[in-house]
Each structure stands twice: as structure tokens, then as C-alpha cells.
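**Student:** Take this structure, written in C-alpha cells, and hold onto it; I'll ask about it next.
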Amino acid sequence: MTARSVTLDDVAHLAGVSYQTVSRVLNHSEQVSPRTRAKVEAAMQQLNYVPNRVAQQLAGKNTRTLGLATSDLALMAPAQIASAIQQRAAAQGYHLVIAMANPDSAPQNTVNELLAQRVDALLINLPLDAEQAAQIQQQCDNKPVLFLDVERSAEVAQCQYQSESGAQQAVDHLVALGHRQIGVLNGPASSASARARFAAWQQALAAHQLKPFCVLSGDWSAASGYQALLTQLPNNLPQALLVANDQMALGAMHALHQHGVKIPAEISLIGYDDTAESAWYQPPLTTVRQDLQQLGAVSVDRLLMQLEGGDVAEKTLETELVLRETTAAPQQDEVDMAEIAQQLQVLARKLKRTSK
């Protein structure tokens, strides 16, 4: 015999409050006193009560559910952003539903997966141009939407780090060390953030009267970073390399290690993102830090402000260059002491013969 599901009436009876009070607690209403809220939550826990979100959706109620459309969670940065969003949403009393994009289908399909679950508002962490973002905004009708990876020119609500400051910090650091042959390993041309980073790198290099020594590309994965470096090895490496994310930098470092190229003695590398793993690379990676935990928290807060009809506070998100162990001044031509000693011995023998 199937056990009967626990209902709101059961919770209300155990807590000694009305059905409406339990409903207010579930909807995080400010009309409930802390003492009453604690009694209701204790009753829910005792009865193992699970809110029926499907019933709430069918009733057209606010479900306190947010949707996140994201790119591949096998990539470190999107996965860590999703984790930060989930933590912040839970802290604010919201449930998070995640839909991961299929590279072979349109981003609108991923958004539809979330809309089908009747989420209250959406976060879009997919690489989009302005036109695609406008289409998704229209697709979501009157639901609040916030975009995390979109062309800056798009007339939609955005929450993302800007590329200019991070690119400038990285290029200035390499130039100050003495590097002039600086290459670029960028993400896919289809990505708005990759295009923005490349344009910012070019602008920062031009400010020092430099052009990229080489322009390589990958798909954000470590494997693509590895393959990109193989095209330059063994004898066509720049003095330094700017990499559009830490994961491709990991692959690039693996290729360099395999060919016996010393980092940073023979080539300097700077990554982008400062994912949690980059401090544990060998050697630890110098990188442009985007605080992914902060990005997740701020994006949820801004979306909830939209949902509640308040004014969205535009907090500026600033990058930071994190110096570790993959950058150093260019290696000078080493003096071969053994060769010099040999030449001195030859010279000494000649002088000895001539002196006789």
C-alpha cells in the first residue's frame, strides 16, 4: 500500500497554525514572525514534507524557481559559475533548474527546456550575439532574464566582467617583464567573450606598438589548447602567450612540458578566469582573475531585483591579475662556460707554441 503524501494541512496541524500561514512560510512572506516560521519549518522537517512544485506551477503560483541555461558544464568556468549561482539561489530561498546547451541545437531550445518547467526568471550563460539575445528576451516574454555571456552592444540586462581591463593588465605585465613576441590563444570565434578578449588584447598590444606574434584558437577545452600549441612547436614559439581561459592554458602547458620547454624560463603564460584549479597547475598559473563566486552571487541578486520589480544596482565587476609562477623575464642567451673554457685552452696552446 502506497504511503499517503504529507500535505500542508498535516504541517499546519502539527505546527498549530493555519494552512495559510504554512503557505506564507513556503513563499517566504515577511508577514510571518520568526517564531512562527521556526515552528512551521520544524514541523516540515519532522514530517519530511516536500513542497509540490508541480502543483504550484499548475496553479500559476510563483514557484521560487530560477532557470539557468548554460554552456558545457565539463568546462571549469561554466561549472563553477553554475555552482556559485546554485549556492546563492539556495541562500535566497530559491530552487535552481539547469539546462545545458546542446552544441548541435539552437540556444532557444535550451531556454525552452526551462520555460517548460515554468521557472520564475532565467539566467542565460550562453555565448550570444546581440541578435540572439534579443530573440531569447522576446521568447521569455515578461519573465525577468539576465545574460552572462553576451555582446556588450546587446540591449538586454547583462552581468559580466569586461575584457578591456583584464587584457590590459596581462599585456602590461608581459611588456614590463621585457616580452615583445607575445602570442594569443583564443576561444572559438562564435563566442562573444572570445571575440571581446581578442579585441581587447589587440588594443592593449597596439598601445605598446606590438602585434600578436601568433594567433591560435581552441574551443575552451584543455585538449584544444594542447593541439594549438603543437602547431607552434618546437621552433616557432613566442616569448609569451596570452590564453583566453585557464583550461586551454592547462593543455598548452602539457604540450610544452612534453617538448621539454621550460615554463617560465623559455615561455611565459597568462591564463584567464582564475578557476579554482589554476593555482594547482605545475607551475601554478598566472591568470586574469574573474571572481566566479562573485559573478554567481551578483547575477542571482540582480535577477531577483528584476523579479521583485526593484531597481537593479549596477555593481561594476573588476578583474585582477593574479601573479603566480608562469611568467618571468625573457631568457637571455646563456653563456656556454664549457665552450669558453675549451676556446681558452686552444688559445693557451697557441700562445705556448708561439712563445717557444
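**Student:** Can you give me the ranges of the strands (runs of 3 or more DSSP E) entirely in the range 96-191 with at least 2 residues that are over 17 Å from the mean Cα position of the chain (by Cα) and over 30 Å from GLN202 (Cα atoms)?
**Tutor:** 121-125
**Student:** Sticking with this one: What pairs come up if the first residue lies in the range 248-268 and is farther than 16 Å from THR286 by Cβ, the second is of a type in the set (Phe, Trp, Tyr) and open to solvent by 40 Å² or more (accessible area, probe 1.4 Å), and their beta carbons are under 6 Å apart, counting only those six or more places apart or on different chains?
**Tutor:** Listed pairs, sorted by first residue: GLY251/TYR226; HIS254/TYR226; ALA255/TYR226.
**Student:** Among the aliphatic types (A, V, I, L, M) and either within 16 Å of PRO188 (Cβ to Cβ) or open to solvent by 20 Å² or more (accessible area, probe 1.4 Å) (or both), is that true of LEU114? So that I can check it myself, show each step before the final result.
**Tutor:** Working: among the aliphatic types (A, V, I, L, M): yes; either within 16 Å of PRO188 (Cβ to Cβ) or open to solvent by 20 Å² or more (accessible area, probe 1.4 Å) (or both): no.
The answer is no for LEU114.
**Student:** Among (1) of a type in the set (Asp, Glu); (2) open to solvent by 100 Å² or more (accessible area, probe 1.4 Å); (3) modelled with pLDDT under 70, there is one condition ASP336 misses while meeting the rest; what is its number?
**Tutor:** All conditions are met except number (2).
**Student:** If a residue has to be among the charged types (D, E, K, R), open to solvent by 40 Å² or more (accessible area, probe 1.4 Å) and assigned to a helix (DSSP H, G or I) to count, how many in the range 192-231 make the cut?
**Tutor:** 1
**Student:** Being buried (at least 18 other Cβ atoms within 10 Å of the Cβ) and touching a helix residue (DSSP H, G or I) at 6+ places or on another chain (Cβ under 7 Å) is the filter here; which residues of the range 171-191 pass it?
**Tutor:** VAL171, ILE182, VAL184, LEU185, ASN186, GLY187
**Student:** Then there's this: Can you go through ARG35, ARG24 and tell me which one is surrounded by fewer than 20 Cβ atoms within 10 Å (Cβ to Cβ), modelled with pLDDT of 80 or more and out of contact with any strand residue (DSSP E or B) (no Cβ under 7 Å at 6 or more places or on another chain)? First the steps, then the outcome.
**Tutor:** Details: ARG24 fails: modelled with pLDDT of 80 or more.
Unique residue meeting the criteria: ARG35.
**Student:** Output yes when any residue across the range 124-132 is at pLDDT 90 or above and in contact with a Leu (Cβ under 7 Å, 6 or more places away or on another chain), and no when none is.
**Tutor:** Yes, there is a match, as at least one residue in the range 124-132 is at pLDDT 90 or above and in contact with a Leu (Cβ under 7 Å, 6 or more places away or on another chain).
**Student:** Those residues that are in contact with a helix residue (DSSP H, G or I) (Cβ under 6 Å, 6 or more places away or on another chain) and more than 30 Å from GLY93 (Cα to Cα), I need them from the range 282-306; list them, please.
**Tutor:** LEU285, THR287, VAL288
**Student:** Would you check which residues across the range 1-19 are modelled with pLDDT of 75 or more and either on the phi > 0 side of the Ramachandran plot or surrounded by fewer than 16 Cβ atoms within 10 Å (Cβ to Cβ) (or both) and list them?
**Tutor:** Passing the criteria: THR7, ASP9, HIS13, GLY16, SER18.
**Student:** Among the residues of the range 122-155, how many are surrounded by fewer than 21 Cβ atoms within 10 Å (Cβ to Cβ), out of contact with any Asp or Glu (no Cβ under 9 Å at 6 or more places or on another chain) and within 22 Å of GLN92 (Cβ to Cβ)?
**Tutor:** Qualifying residue count for the region: 2.
**Student:** Among the residues of the range 158-170, is there at least one that is open to solvent by 40 Å² or more (accessible area, probe 1.4 Å), at pLDDT 90 or above and farther than 22 Å from GLY309 by Cα?
**Tutor:** Looking for residues that are open to solvent by 40 Å² or more (accessible area, probe 1.4 Å), at pLDDT 90 or above and farther than 22 Å from GLY309 by Cα, one finds at least one in the range 158-170, hence yes.
**Student:** Now a separate question. Does ALA69 qualify as being hydrophobic (A, V, I, L, M, F, W, C), modelled with pLDDT of 80 or more, open to solvent by less than 50 Å² (accessible area, probe 1.4 Å) and not in a loop (DSSP other than H, G, I, E, B)?
**Tutor:** Answer is yes for this residue.
**Student:** Would you check which residues across the range 82-112 are on the phi < 0 side of the Ramachandran plot and out of contact with any helix residue (DSSP H, G or I) (no Cβ under 9 Å at 6 or more places or on another chain) and list them?
**Tutor:** Listed by number, the residues that qualify are ALA90, PRO103, ASP104, SER105, ASN109, THR110.
The values are calculated or read from the model by the stated rules, or taken from the named source; none is laboratory data. Being a predicted model, the structure only gives us computed values, none of them experimental. As a convention, Cβ positions derive from the backbone with ideal geometry for all residues, glycine included, and neighbour counts pool all protein chains shown. The area values use the complete protein model at the heavy-atom level, side chains included, leaving out ligands, DNA and RNA. Shrake-Rupley method; radii C 1.70, N 1.55, O 1.52, S 1.80 Å.
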